[in-house]
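Visitor: My questions will all concern the structure given below.
Just so it is clear, none of the values below were taken in a lab; they were calculated from the coordinates. Treat the numbers as computed from the prediction; the structure is a model and nothing was measured. With ideal geometry, Cβ positions are generated from the backbone for all residues, glycine too; neighbour counts draw on all protein chains shown.
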Ligand SMILES: Nc1ncnc2c1ncn2[C@@H]1O[C@H](COP(=O)(O)OP(=O)(O)O)[C@@H](O)[C@H]1O
Ligand SMILES: [Mg+2]
């Protein structure tokens, strides 16, 4: 059942198309990320949902009612924008209560709901403090409590964690997800961080130049990116250009001198395929899909990344750190992967399907 529907949404500034016929359907309780490079129209889309920016055309509806033309305050949405700072002269509790006061909720109910919201973000003990007495992560949790306390039909987050350092950001991602699941508020989050989008979301809408390139679950988008743009933007990928043909027994991808087995039926012709670095295994020369020589080897703590020159080009391989040494520069190695690890790519960035 669709809860939030965005239909052929467009935004133009003069001749410049910033959001281009964007359509997504979101179910009640879902956490959806709008992911894409800087300038691709994520914030503009979120601002149109919030009501701060008027669409040039298209519709946004919540439970079947169009929001277009309704002023932001009447939409009653919970918003955490990067730029939405807390009121410095108000305590944490006053900040959180502010929205309830505006809605003329009585004092007793205000106190109760404010405390519940602060408990939810684990800041119950900090109610009397001022924002300047809190860490960056705590301030963002106050902003989240302030957005959630009004029990909004929709929570909108614009890069809510991007001012936090890497470790805190990682912890806050898990916390944000846990809080959202607890309250069940349908949430749209803007991020340019692909790892963050994959970690938190039920579904990810990948945007490029204002258009949705892909809208799918994190595993769907990652395992089967479907386009060169998605394969490149989300995670790392080896891209193999070749000729799909029938070798008498099965479908194969011919890349240079190599014939690579394909698991799934695929039309013959010129195509590009992606191969994720962590799907490749290092084996003895002659025992894998291709042979090669190690050109570079870098240690990243939890994994190694190994570059191997082969007849089909240089391939990136990612190997989990199991404690030992994996390979050294100059080693002759074989590279092996299951046929299903080769995923077909459409070359057009805006095409959703291969
Ligand atoms: N008010 C505006 N007037 C003109 N151009 C704008 C305006 N707001 C945003 N843009 C342009 O729209 C594009 C998308 O911006 P934005 O939605 O902020 O991208 P993102 O959030 O994905 O980084 C950018 O090229 C930006 O310069
Ligand atoms: Mg933005």
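Visitor: Express in % the proportion of alpha carbon pairs of the chain at distances exceeding 30 Å. If you can, show how the numbers build up before the last one.
Guide: Numbers: 30387 of 62481 pairs.
Of all Cα-Cα pairs in the chain, 49 percent lie more than 30 Å apart.
Visitor: Could you give the angle, 0 to 90 degrees to the nearest 10, between helix 136-148's Cα long axis and the longest principal axis of the Cα atoms of the chain?
Guide: Approximately 70 degrees, to the nearest ten.
Visitor: Also, I was wondering about something else. Starting from the Cα gyration tensor of region 19-137, multiply each eigenvalue by 5, take the square root, and state the resulting semi-axes largest first in whole Å.
Guide: 31, 18, 14
Visitor: So, R0 is 25 Å and r is the distance between the beta-carbons of residue 236 and residue 38; what FRET efficiency does that work out to, to 0.05?
Guide: 0.85
Visitor: Something else now. Take the Cα coordinates of region 187-289, assign each an equal point scatterer, and use the Debye formula without solvent to give log10 I(q)/I(0) at q = 0.17 Å⁻¹.
Guide: -0.87
Visitor: While we're here: Just to confirm the number: angle between the C-alpha axis of helix 166-183 and the first principal axis of the chain, 0 to 90 degrees, nearest 10?
Guide: 60
Visitor: Still on this structure: What order do you get for 118-130, 255-267 when each peptide is scored by the mean count of other beta carbon atoms within 10 Å, highest first?
Guide: Top to bottom by mean Cβ count within 10 Å: 118-130, 255-267.
Visitor: Please give the calculated 222 nm ellipticity per residue for the chain, where each DSSP H segment of at least 4 residues contributes -39500 (n - 2.57) and the sum is spread over every residue; nearest 500 deg cm²/dmol?
Guide: The helix-only estimate for the chain comes to -7000 deg cm²/dmol at 222 nm.
Visitor: One quarter of the convex hull surface, Cα atoms only: what value does that give for region 229-345 in nm²?
Guide: 7.4
Visitor: So how much slack lies between residue 8 and residue 217, counting 0.36 nm per residue of separation and subtracting their Cα-Cα distance, in nm?
Guide: On the way: separation 209, 0.36 × 209 = 75.24 nm, distance 2.11 nm.
Net length gain for the segment: 73.1 nm.
Visitor: Follow-up question, since we're still on this one. If you line up the long axis of helix 107-120 against the longest principal axis of the chain, both from Cα atoms, how many degrees apart are they, to the nearest 10?
Guide: The helix 107-120 is inclined about 20 degrees to the chain.
Visitor: Exposure proxy check: 328, 11, 111 ranked by fewest other beta carbons within 10 Å? Could the numbers behind the result be given before it?
Guide: Values: 328 9, 11 22, 111 15.
By the 10 Å Cβ count, ascending: 328, 111, 11.
Visitor: Can you tell me the length gained on complete extension of the stretch residue 107 to residue 166, counting 0.36 nm per residue apart and subtracting the Cα distance?
Guide: So the extension gain works out to 17.3 nm.
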